[in-house]
Amino acid sequence: MHKYTKKELMTLITGKLRRNFGRDVEEATSLHMFKACALVLRDIMSERQMKTADRVAVEHLRQVHYLSLEFLMGRSLMKNAYNLGVAEPLKQAIEGLGFSAPDLFEAEPDAGLGNGGLGRLAACYLDSMTTLEIPATGYSICYELGIFKQKIVDGQQVELPDNWLGLGDAWLIPKMDETEEVRFGGKVEDEWDALGRHRVKHTGYDVVLAVPKDMEIAGYGTEHGNLLRLWDANSPTPVDMNLFSSGQYLKAVEQRAMAESISKVLYPEDNHYEGKSLRLKQQYFFVSATIQSIVRKHRAEYGTLRNFHLKHVIQINDTHPTLAIPELMRILLDEEGYGWDEAWYIVTHTIAYTNHTVLAEALERWPQQLIEKWLPRIWQILIEISNRYQRALTDYFHGDLSKVAPMAIIWGGEVRMANLCVCACFKINGVSALHSDILKRDVFHDAYARTPDKFTNVTNGIDHRRWLSECNPELDALIRDCCGKDKYLLQPDALKELEQYRDDAGVLSRLGQIKADNKKAFAAWVARESGVILNTDALFDVQVKRLHEYKRQLLNVLHIIYLYQRMKADPHFDFTPRTYLFGAKAAPGYAVAKRIIRLINSVADMVARDPACKDRLQVVFLENYRVSLAEKLMPASELSEQISTAGKEASGTGNMKFMMNGAVTIGTLDGANVEMHQVLGDENIFLFGLKAHEVAEMKQKGYKSYEYYVHNPELRAVIDQLNVGFGDGVAYDDIARRLLFGDGGPADEYLLLADFESYRDAHQRAGLAYQDPKRWNQMALMNIARSGIFAADRSIRDYARDIWNVPVRALK
Ligand code: CRA
């Protein structure tokens, strides 16, 4: 592998400045400089990716296609430099050309093409698939606007557009010649040719062009290169072509607007389904372009699709790309002329489905009329799949409608995407052990009984190179000293070797010092950005994730109010000083979530104004939580809040980032916390709350939140204060009502009141442990040492072995 030097990189960068921007270094702005650096790295990656593509073609290798409506990539300059092994020389080259390297890295906008965990997971997996040398391609939409930018104005969330492409497009290579055509609307008719052969005739449709914008993906310590293919929606009709005919003209304008709106904006809902026709069009646009593109290349290489399932596996990230199933059927039936059974065999041996949620409001159920109107041929195919499945189920369950009905694909005028996946996919996986169990026992119980071999688990993982080595260089240095240099970068299990130092006072105090330094660095950044001064002597207690009622940010707030009240009532109340940090975006239409953000800000304000809280209690809401903010925050965090109602968080991945950076978790036995607890033991995690089965039982019996309010005077005082407010003139009686009476839905749906006391006790234990630095540092060390199983490399090895059936890079 060629090792680029500072000098070489300087030459390459100045060359780009001159050729692409007509500038000498002296005239270049930092934006030119950023783009020039990106282009230099892009060239290196393109070279490698093309070699990989050649090898895949020559050796006829089996390929993975990862379809996801979201890839939350964050920044790429540092990441790519790191993976290419040029991080140091690049920094030197930038400085050598008279620019500040840190400022330049900071100038890059986050590619925010995702909402939360699901989108970030896809990004981490691209890194691991490439590092593990799997021939793989990611596919998504090239949204012009990523996840909105969040401003807090008067304590409330305001959304601003995130136009990332101005600089972000430096990473994208448009490939006009690989444009695909996607059809919407029109009508389909049966036709027979002179020989009596049946054909489907589709007429009167609108065409949207899908233009690929490819992003190169570099792996760590390998020449292997993969691509993320982002589809940009374009209109095929230049508007003025049809000026002479007014009907045509208006239609052309309409069509143009429709086409261009498709890739305009990412839907900002996390874990929530909204049956909007634009979203359906996004899904089909992306799926159709992707499948056509894979099929086109396959045909060119093999001249037949008969071996398609042998050469490709398509992994769909949740149900959002489910239309890949009927779309591949359509191509095999209508374009290749295969019979139903042969087409179905290929489809059902190609596509695998990852489920990411059990929340009812997130399950996609598309209204029949919407699909019928926009995707008439797909609709016909769906009916056929649904009918055949229903006959098979009726047979299998001896006509028992109580089994058949919940499993049906088309039912009550809706298409149930998860059921379609369960029917057609050869594997179905959940994303943590607990979640996969819930899928088998509960959500897909009867499907599991019929086809148990389809169901499996792959616990989520994170890119430990980004989320540890890159973002926490001091900790990386300590690990290198203790765990055999850089071995852990490709063998995350090597982190275990840290355990030998669990009683080593030197290592423990160094670990403590690293955390202290990272807290100071983070506080300095917050001060620069917002003017807020964080108390770095206090325990950094952090809850950052999307705002969702099931994630229970509100439980955290209730407990903070409790601490405040105790402190006010008794100035000698003994508790460990805490700096509470929150970061969370709420979906713009999720009113309750937005109220909770405002509540956090009201409480933060009250605490900040009260001199009694000085040096003891601080609450700060970090604006615009995003990947690049998380990279600064994780290394500085000490207590990680993972407090969802048990059974609701499919996995969580933030929990793993905290753990790897030596934060200790306070959490419920939910999602991957269960597996964290398994490796950590009771002594290295602060568990509390009801277990998943207890939650179910309590709901079954009839949960009455009001009883907790009546019987626990401290909790009562907290909720009463919601009614009164916090000194800024805003009352939160709506939230109090929701907890006690339900405000339309069930009272306290997520059992905050039931878990309150146990949560408070866990906090007490955590506070006490923090008073003993040696014990705390030891816990931190054990968390880091045992976090290796949460590396995305491990997840991808699981996928490769249990689902994809592809070889992976061997460990040296
Ligand atoms: N919101 C789950 O809620 C999980 C990620 C990635 C989520 C998280 O618990 O870690 O997926 N589910 O598996 C989801 O998006 C549509 O469902 C998430 O990010």
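The values are calculated or read from the model by the stated rules, or taken from the named source; none is laboratory data. Remember, it's a predicted structure, so these values are computed and weren't measured experimentally. Cβ sites come from the backbone with ideal geometry, for glycine too, and all protein chains shown count toward neighbours.
LEU278 versus (1) under 27 Å from GLY413 (Cα atoms); (2) buried (at least 19 other Cβ atoms within 10 Å of the Cβ); (3) out of contact with any Gly (no Cβ under 7 Å at 6 or more places or on another chain): which is the lone unmet condition?
(2)
Among (1) assigned to a helix (DSSP H, G or I); (2) more than 16 Å from the ligand (Cβ to nearest atom), there is one condition GLU361 misses while meeting the rest; what is its number?
That leaves (2) as the condition not met.
Need the failing condition index for LYS264 against (1) more than 30 Å from LEU61 (Cβ to Cβ); (2) surrounded by 16 or more Cβ atoms within 10 Å (Cβ to Cβ); (3) out of contact with any Lys or Arg (no Cβ under 9 Å at 6 or more places or on another chain), just the number.
Against the list (1) more than 30 Å from LEU61 (Cβ to Cβ); (2) surrounded by 16 or more Cβ atoms within 10 Å (Cβ to Cβ); (3) out of contact with any Lys or Arg (no Cβ under 9 Å at 6 or more places or on another chain), LYS264 comes up short only on (2).
Residue-by-condition table, conditions (1) surrounded by 15 or more Cβ atoms within 10 Å (Cβ to Cβ); (2) modelled with pLDDT under 95; (3) of a type in the set (Val, Ile, Thr); (4) at negative phi:
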residue: LEU250; (1), (2), (3), (4): no, yes, no, yes
residue: GLU254; (1), (2), (3), (4): no, yes, no, yes
residue: SER288; (1), (2), (3), (4): yes, no, no, yes
residue: ASN307; (1), (2), (3), (4): no, no, no, yes
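Pairs please, first residue from segment 305-329 and small (Gly, Ala, Ser), second anywhere and within 13 Å of the ligand (Cβ to nearest atom), Cβ atoms under 8 Å, 6+ apart in sequence or on different chains.
That search, which allows pairs on different chains as well, returns ALA324/ILE316.
Take segment 614-672 and flag every residue that is acidic (Asp, Glu), touching a strand residue (DSSP E or B) at 6+ places or on another chain (Cβ under 7 Å) and assigned to a loop (DSSP other than H, G, I, E, B).
GLU623, GLU638
Out of all the residues in segment 555-580, which are of a type in the set (A, V, I, L, M, F, W, C) and surrounded by fewer than 18 Cβ atoms within 10 Å (Cβ to Cβ)?
ALA569, PHE573, PHE575
Conditions first: (1) within 20 Å of the chain's Cα centre (by Cα); (2) away from the ligand (no atom under 16 Å from the Cβ). MET656 passes all but one, so which condition is the exception?
(2)
Taking the conditions exactly as written (of a type in the set (Gly, Ala, Ser) and closer than 30 Å to THR203 by Cα), does SER402 satisfy them or not?
No, not satisfied.
Applying the selection to segment 531-556, what residues are free of Cβ contacts under 8 Å to residues at least 60 places away in the same chain, hydrophobic (A, V, I, L, M, F, W, C) and farther than 24 Å from ILE719 by Cα?
Scanning segment 531-556 gives a single hit, ILE533.
Test GLY589 against the stated conditions and say whether it is under 25 Å from ASP476 (Cβ atoms), over 19 Å from the mean Cα position of the chain (by Cα) and either assigned to a loop (DSSP other than H, G, I, E, B) or more than 16 Å from the ligand (Cβ to nearest atom) (or both).
The answer is no for GLY589.
What number goes with the only condition from (1) free of Cβ contacts under 8 Å to residues at least 40 places away in the same chain; (2) of a type in the set (S, T, N, Q); (3) surrounded by 24 or more Cβ atoms within 10 Å (Cβ to Cβ) that THR131 does not pass?
(1)
Given the criterion in contact (Cβ under 8 Å) with a residue 24 or more places away in the chain, surrounded by fewer than 19 Cβ atoms within 10 Å (Cβ to Cβ) and away from the ligand (no atom under 16 Å from the Cβ), identify the matching residue among ARG450, ARG465, ARG480, ARG528.
ARG450
Scan the strands (runs of 3 or more DSSP E) fully inside segment 83-154 and keep the ones with 3 or more residues being within 26 Å of ASN460 (Cβ to Cβ) and more than 16 Å from the ligand (Cβ to nearest atom).
136-141
Which residue is farthest from the chain's Cα centre (by Cα), if the candidates are limited to segment 509-555 and must be in a helix (DSSP H, G or I) and among the basic types (Lys, Arg)?
Of everything passing the filter in segment 509-555, ARG510 is farthest from the chain's Cα centre (by Cα).
Taking interchain pairs and intrachain pairs at least six residues apart, which have beta carbon atoms under 8 angstrom, with the first residue in segment 635-649 and at positive phi and the second among the hydrophobic types (A, V, I, L, M, F, W, C) and not in a loop (DSSP other than H, G, I, E, B)?
GLY647/LEU434; GLY647/ILE438; GLY647/ALA692; GLY647/VAL695; GLY647/ALA696
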